[in-house]
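K.L.:
Here's a structure for you.
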Amino acid sequence: MIFRRRPRVTGVVSASSENGNTHLSLAFLRTALNALPMGVIVVDDNGKEWWRNRAAHNQADAQTDGESIEKVLQQMGQSALRGRSDAQQVTVDGAPPRTLEVKALPMINGGAIIVMEDITEQFLTDKVRTDFVANISHELKTPVGALSVLAETIAAESEEEGGNPDLVPLARRMVLESHRVSHIIDDLLELASIEFRGSERYVVMGIVSLVNEAVARAQPRADRNGVNIKTEFVDSDISLRGDDRQLVSAISNLVENAVKYSEKGDTVIVRVTSDPENATIEVIDEGIGISAEHLDRVFERFYRVDQARSRDTGGTGLGLAIVRHVLNNHGGEVNVRSTEGEGSTFTLTIPKFLG
Ligand code: ADP
């Protein structure tokens, strides 16, 4: 696309760059922002709306769950003014309902900016895909369960006197493979439910019990692999609000991975710290690590750095996708730092429940 030379604008306020070639007038900037399909609202550092573009004006009467959308925007703006970025999907009432992705971001010199994008079409496409995966997984669950029981029976009978010993390794392999498929189906169903139902069971929970439960889930694998898990509660007086099952699942996925990708004798540390707004849970291992080229992609579903190793350790390639969705549902984020051959640190940042 070729951009035409900007027409000369006689603006109200204008700023020039040092060499004097570029004039950026406020009027011109407003015209540009008004042409955007997404809503933009600028809030000053006292929380007062300073300006909104045309698309944001068009949304002003929208309602969500019978309440004005402005209330949600105000809350998000306040959160951004306190320095915390916020992102939410908001369903706008109507026939049909629409889905807006709303982001509120703090600005460097104070104030905040709120951006609203209509993602209805993308949301519906994602929903069709997720429903399809969930339905298929559901249909597969029963026959795969039956195959697994049949394979176990064949293996047991072949091991008995008079049985055919040649069948034993084949039947055992069938049992293993059917367990693998069941595991993938369970993860696909979990991912589908997390993606589209969001956080349904909102409860307030203490961070210590949450982390201990997640660690307990990974403990049997750690014992089998000879890996130590250490918990460090630098701050233990933290409450979170959200879906406890989802959060335990996210943390235990990270701890299980840390154990899976460690060597015998290694230690995995689960460290809990906090700042006034957020709780941080770090899962630190000294295992195989992840090289830079793979680091950005490990949160994609079915992405594995080493297919064979993941398969051998019973991995499905869905664990980190589940973690990312859980954190999205809770207004938090997951990040990773890693050095190949030295280990990885996965960090969960979750807003604290401040009562
Ligand atoms: P999987 O079930 O294969 O472990 P995940 O989605 O949990 O799938 O992780 C995706 C990929 O990221 C893994 O296959 C592995 O290659 C890599 N990975 C995840 N966690 C770690 C870790 N702690 N150390 C090294 N590699 C990891």
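The values are calculated or read from the model by the stated rules, or taken from the named source; none is laboratory data. All values derive from a computational prediction rather than experimental measurement. No Cβ is skipped: glycine too gets one built from the backbone with ideal geometry, and neighbour counts run over all protein chains shown. The accessibility values were calculated without ligands, DNA or RNA, using every heavy atom of the protein model including side chains. Shrake-Rupley method; radii C 1.70, N 1.55, O 1.52, S 1.80 Å.
K.L.:
Taking GLY47 as meeting all but one of (1) closer than 27 Å to ASP126 by Cβ; (2) in contact with a Leu (Cβ under 7 Å, 6 or more places away or on another chain); (3) modelled with pLDDT under 90; (4) among the small types (Gly, Ala, Ser), write down the number of the exception.
P.N.:
For GLY47, the exception is condition (1).
K.L.:
Residue pairs, Cβ under 6 Å, 6 or more apart or interchain, first in the range 242-266 and over 27 Å from PHE353 (Cβ atoms), second within 12 Å of the ligand (Cβ to nearest atom) and part of a helix (DSSP H, G or I). List them.
P.N.:
If the second residue must be within 12 Å of the ligand (Cβ to nearest atom) and part of a helix (DSSP H, G or I), the pairs left are VAL259/ALA218; VAL259/ARG221.
K.L.:
Now for a different question. Can you find a residue in the range 316-338 that is more than 25 Å from GLN88 (Cβ to Cβ), more than 19 Å from the chain's Cα centre (by Cα), outside the structural domain of GLU101 (by TED's automatic domain parsing) and open to solvent by 20 Å² or more (accessible area, probe 1.4 Å)?
P.N.:
The answer is no; no qualifying residue exists.
K.L.:
If the requirement is being assigned by TED's automatic domain parsing to the domain that holds VAL128, in a helix (DSSP H, G or I) and surrounded by 14 or more Cβ atoms within 10 Å (Cβ to Cβ), which of these qualifies: LEU188, LEU176?
P.N.:
That would be LEU188, the only listed residue that is assigned by TED's automatic domain parsing to the domain that holds VAL128, in a helix (DSSP H, G or I) and surrounded by 14 or more Cβ atoms within 10 Å (Cβ to Cβ).
K.L.:
Can you tell me which residue in the range 339-355 is surrounded by the most Cβ atoms within 10 Å (Cβ to Cβ), limited to those that are within 11 Å of the ligand (Cβ to nearest atom) and polar (S, T, N, Q)?
P.N.:
SER344
K.L.:
Still on this model: So which residues in the range 133-173 are of a type in the set (A, V, I, L, M, F, W, C) and touching a Ser or Thr at 6+ places or on another chain (Cβ under 8 Å)?
P.N.:
Answer for the range 133-173, where residues must be of a type in the set (A, V, I, L, M, F, W, C) and touching a Ser or Thr at 6+ places or on another chain (Cβ under 8 Å): ALA134, VAL144, LEU147, ALA151, LEU167, VAL168, ALA171.
K.L.:
Another one. When the residues of the range 107-148 are filtered to those that are open to solvent by less than 50 Å² (accessible area, probe 1.4 Å) and in a strand (DSSP E or B), which remaining residue is farthest from ASN46 (Cα to Cα)?
P.N.:
MET116
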